Amino acid sequence: MKIKIAPSILASDFSRMGENVGKLERAGADYIHCDVMDGNFVPPITFGHQMVASIRPHTSLPLDCHLMVEHPETHFEEFKKAGADFVTIHYEACRKNLNENLKKIRSLGMKCGAVVNPDTSVEEIFDCVPFCDMVLVMSVFPGYGGQKFIAGTLPRLEKLRSFCEKNGFPEFDIEVDGGVAEENVKNVIAAGANVIVAGSAVFRSGDMKKTIERLRG
Ligand code: DX5
Ligand code: ZN
């Protein structure tokens, strides 16, 4: 399976975002991961659709917007207008409306994904695999960059990959987010993830290009 690297701009200098996404593209990134936080679903506030619209002209890479917000459905149209390609939404923010919200994202012409926190069982989102383009398994509790990878994520990835393989979705995109770096990426890929989010690992590196290459495992 093709491994895709999605650097998170959460770790970037917010005053130079346009320049930085250009750099990530030249360094070989596959997606730009945009961490949207509302100060409610998670304590911090980062940025919203305006930031997505501002960086849009600076890269042709798909913008992967991870919405850590309550009532995500109230923002889908704004993200579409801003130029988002993927919108991923938390199971914990939607519960019963998850499938309906995923369909709304698709109906607007964007790709959609469901996200699960480390303390939500991955079985909760098995049902939505047929309605999704991707599932994101959090490997830290959302809210902050630079946290330690939770080792218990590996069996969760294995369970989800095996479900996808057994149910006719062998090439399904499984994204992992939080604390992934050169040291642990091989294990993460072996467990079944193929879309790798990395914030600190990419932005703290002296050579983004080399780091992105190495993150491919
Ligand atoms: C956490 C975010 C992650 C995070 C990744 O809430 O969703 O995308 O920024 O950052 P690192 O790679 O530093 O853990
Ligand atoms: Zn994220």
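Taking first residues from the range 126-147 that are more than 14 Å from Gly199 (Cα to Cα) and in a loop (DSSP other than H, G, I, E, B) and partners that are within 16 Å of ligand 1 (Cβ to nearest atom) and of a type in the set (A, V, I, L, M), the Cβ contacts under 6 Å between residues at least 6 apart in sequence or on separate chains come to Cys132/Ala114. Consider His33 carefully, then state whether it is within 14 Å of ligand 2 (Cβ to nearest atom), under 21 Å from Glu70 (Cα atoms) and surrounded by 15 or more Cβ atoms within 10 Å (Cβ to Cβ). So His33 passes the test.
Residue by residue, here is whether (1) touching a Ser or Thr at 6+ places or on another chain (Cβ under 8 Å); (2) under 18 Å from Cys112 (Cβ atoms); (3) of a type in the set (Gly, Ala, Ser) holds:
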residue	(1), (2), (3)
Met37	yes, no, no
Ile55	no, no, no
Ala84	no, yes, yes
Thr88	no, yes, no
Ala93	no, yes, yes
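If only residues of the range 1-46 that are out of contact with any Leu (no Cβ under 8 Å at 6 or more places or on another chain), among the charged types (D, E, K, R) and outside any strand (DSSP E or B) are counted, the one that is farthest from Leu61 (Cα to Cα) is Asp13.
With respect to (1) surrounded by fewer than 20 Cβ atoms within 10 Å (Cβ to Cβ); (2) in a loop (DSSP other than H, G, I, E, B); (3) more than 13 Å from ligand 2 (Cβ to nearest atom), the lone exception for Glu165 is condition (2). So which residues in the range 52-68 are buried (at least 19 other Cβ atoms within 10 Å of the Cβ) and in a helix (DSSP H, G or I)? Answer for the range 52-68, where residues must be buried (at least 19 other Cβ atoms within 10 Å of the Cβ) and in a helix (DSSP H, G or I): Val52, Ile55.
Within the range 186-209, how many residues turn out to be away from ligand 1 (no atom under 11 Å from the Cβ) and aliphatic (A, V, I, L, M)?
Just the residues of the range 186-209 that are away from ligand 1 (no atom under 11 Å from the Cβ), to begin with: 186-195, 205-209.
From the residues that got through so far, the ones that are aliphatic (A, V, I, L, M) too are 188-191, 193, 195, 208.
Counting residues in the range 186-209 that are away from ligand 1 (no atom under 11 Å from the Cβ) and aliphatic (A, V, I, L, M) gives 7.
Here is the figure for the range 187-200: residues that are out of contact with any Lys or Arg (no Cβ under 9 Å at 6 or more places or on another chain) and closer than 15 Å to Gly145 by Cβ total 4.
The number of residues in the range 7-37 being over 16 Å from the mean Cα position of the chain (by Cα), within 15 Å of ligand 1 (Cβ to nearest atom) and either under 19 Å from Val185 (Cβ atoms) or acidic (Asp, Glu) (or both) comes to 1. Would you check if there is a residue in the range 198-207 being under 14 Å from the mean Cα position of the chain (by Cα) and within 16 Å of ligand 2 (Cβ to nearest atom)? Among the residues of the range 198-207, at least one is under 14 Å from the mean Cα position of the chain (by Cα) and within 16 Å of ligand 2 (Cβ to nearest atom), which makes the answer yes.
Rundown of residues vs (1) within 15 Å of the chain's Cα centre (by Cα); (2) within 16 Å of ligand 1 (Cβ to nearest atom), yes/no style:
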| position | (1), (2) |
| --- | --- |
| Phe47 | no, yes |
| Gln50 | no, no |
| Ala53 | no, no |
| Ser60 | no, no |
| Cys65 | yes, yes |
| Glu77 | no, no |
| Gly83 | no, no |
| Glu92 | no, yes |
| Asn97 | no, no |
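Within the range 204-217, residues that are in contact (Cβ under 8 Å) with a residue 12 or more places away in the chain have Cβ atoms under 7 Å from residues that are in a loop (DSSP other than H, G, I, E, B) and among the hydroxyl-bearing types (Ser, Thr, Tyr) in these pairs: Thr211/Ser205, counting only partners at least 6 apart in sequence or on another chain.
Each value in this text was obtained by applying a stated rule to the coordinates, not by laboratory testing. Note that this is a predicted model, so its numbers are computed, not measured. Glycine also receives a Cβ, built like all others from the backbone with ideal geometry; neighbour counts cover every protein chain displayed.
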